[in-house]
Amino acid sequence: GQNIDQPTEMTATEGAIVQINCTYQTSGFNGLFWYQQHAGEAPTFLSYNVLDGLEEKGRFSSFLSRSKGYSYLLLKELQMKDSASYLCAPLGGFKTIFGAGTRLFVKA
Amino acid sequence: DGGITQSPKYLFRKEGQNVTLSCEQNLNHDAMYWYRQDPGQGLRLIYYSQIVNDFQKGDIAEGYSVSREKKESFPLTVTSAQKNPTAFYLCASRSDNEQFFGPGTRLTVL
C-alpha cells in the first residue's frame with residue numbers, strides 16, 4: 001500500500017528556519033518530490049530527490065533517506081510569502097502520490 | 001515559453017452533462033497525470049499516462065475517462081457517472097527529475 005504522513009500545520013516566525021518532515025511507504029520507490037501550494041493555486045515544483053542526502057537550492061533544501069522512508073524540507077530565512085501548503089509526493093513506479101500537505105503559517 | 005496549459009480556468013456545467021477538460025504541454029514530457037483536489041484536501045490521482053496511446057487508472061478513476069493520442073495532449077472527460085464532480089482539477093507532466101503542474105481548472109456542476 002501507499003501511505004504518506006506529514007504534520008497538518010506548522011507555525012514559524014519570519015527570518016527563522018523551519019523543517020517539514022514527511023514519512024512515506026510506497027512500492028517501487030523512484031524518488032520524492034516537494035511542492036509549494038498557495039491557497040487557490042496549482043502546486044509549484046520545489047525539488048526532487050532520488051539519492052540519499054541533502055540537496056540545497058537557495059533558501060530551500062530537501063533531504064531524503066530511502067532506507068528510513070523519510071524526507072524533510074528545510075526552509076531558511078523565512079519570509080511572509082512562504083506561508084503556504086507544502087506537499088510531499090513520492091514517485092512509486094510511474095505514479096506520483098501526494099500526502100495531505102503541511103500548512104505553514106509564517107508570522108511577523 | 002514552455003509549460004503546461006489547462007483551459008478553461010473556470011467551468012460551469014449542469015448536472016448530467018459530460019465535460020472535457022483540456023491539458024497541453026510543450027515540455028516534451030512522456031508522462032502526464034490528472035489529479036483532483038477538494039477544498040482543504042490533498043491531491044488524488046485520477047488517471048496517468050506513461051506514453052502515447054497508453055494510460056492507467058489512478059485511485060479515483062470511476063466516472064472519468066481520458067485519451068492520449070498525442071504526446072502533447074491528455075484531455076480528461078468528467079462523465080455524468082461521476083457523483084461529486086465539483087472540484088479543482090490539475091494536470092501535470094513529468095520527465096526523469098521534474099514534474100510540473102498546469103494552472104488547473106475549477107469545475108462547478110450545478
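The values are calculated or read from the model by the stated rules, or taken from the named source; none is laboratory data. Keep in mind that this is a model prediction, so the values were computed, not measured. Neighbour counts are summed over all protein chains in view; Cβ atoms, including those assigned to glycine, are modelled from backbone coordinates with ideal geometry.
Of all the residues in the stretch A:54-75, those that are surrounded by 14 or more Cβ atoms within 10 Å (Cβ to Cβ) and away from every other protein chain (no Cβ under 14 Å) number 11. One residue stands out in the stretch A:80-101 among those that are in contact (Cβ under 8 Å) with a residue 60 or more places away in the chain and assigned to a loop (DSSP other than H, G, I, E, B): the one that is nearest to B:Gln50 (Cα to Cα), namely A:Gly93. In the stretch A:20-53, the qualifying residues are those that are touching a Leu at 6+ places or on another chain (Cβ under 6 Å) and over 28 Å from A:Gln79 (Cβ atoms), and the one that is farthest from the other protein chains (Cβ to nearest Cβ) is A:Asp52. For the stretch B:7-15, the criterion of being within 13 Å of another protein chain (Cβ to nearest Cβ), in a loop (DSSP other than H, G, I, E, B), at pLDDT below 95 and touching a Ser or Thr at 6+ places or on another chain (Cβ under 9 Å) is met by at least one residue. Of the residues making up the stretch A:18-49, those that are touching a residue at least 12 places away in the same chain (Cβ under 8 Å) and over 14 Å from the mean Cα position of the chain (by Cα) are A:Gln25, A:Thr26, A:Ser27, A:Gly28, A:Phe29, A:Asn30, A:Ala39. A:Gln36 meets the conditions (1) in a strand (DSSP E or B); (2) at pLDDT 95 or above; (3) surrounded by fewer than 18 Cβ atoms within 10 Å (Cβ to Cβ) in every case but one. The failed one is (3). Identify, please: which residue in the stretch B:42-55 is facing chain A (nearest Cβ under 7 Å) and not hydroxyl-bearing (Ser, Thr, Tyr) and is, among those, farthest from A:Glu9 (Cα to Cα)? Taking the candidates together, the pick is B:Gln50.
Scanning the stretch B:16-41 for residues that are within 14 Å of chain A (Cβ to nearest Cβ) and of a type in the set (Ser, Thr, Tyr) yields a count of 2.
Scanning the stretch A:24-33 for residues that are hydroxyl-bearing (Ser, Thr, Tyr) and loosely packed, with under 14 Cβ neighbours inside 10 Å returns a single hit, A:Ser27.
In the stretch B:60-110, counting only strands (runs of 3 or more DSSP E) that sit wholly within it, the ones holding 3 or more residues that are over 14 Å from B:Thr20 (Cβ atoms) and of a type outside the set (Val, Ile, Thr) span B:87-94, B:99-101.
Scanning the stretch B:53-110 for residues that are free of Cβ contacts under 8 Å to residues at least 24 places away in the same chain, over 20 Å from B:Lys14 (Cα atoms) and hydrophobic (A, V, I, L, M, F, W, C) turns up B:Phe55, B:Ala61. From the residues in the stretch A:76-108 that are of a type in the set (Lys, Arg) and either farther than 17 Å from A:Thr44 by Cα or within 14 Å of chain B (Cβ to nearest Cβ) (or both), which one is surrounded by the fewest Cβ atoms within 10 Å (Cβ to Cβ)? The qualifying residue surrounded by the fewest Cβ atoms within 10 Å (Cβ to Cβ) is A:Lys107.
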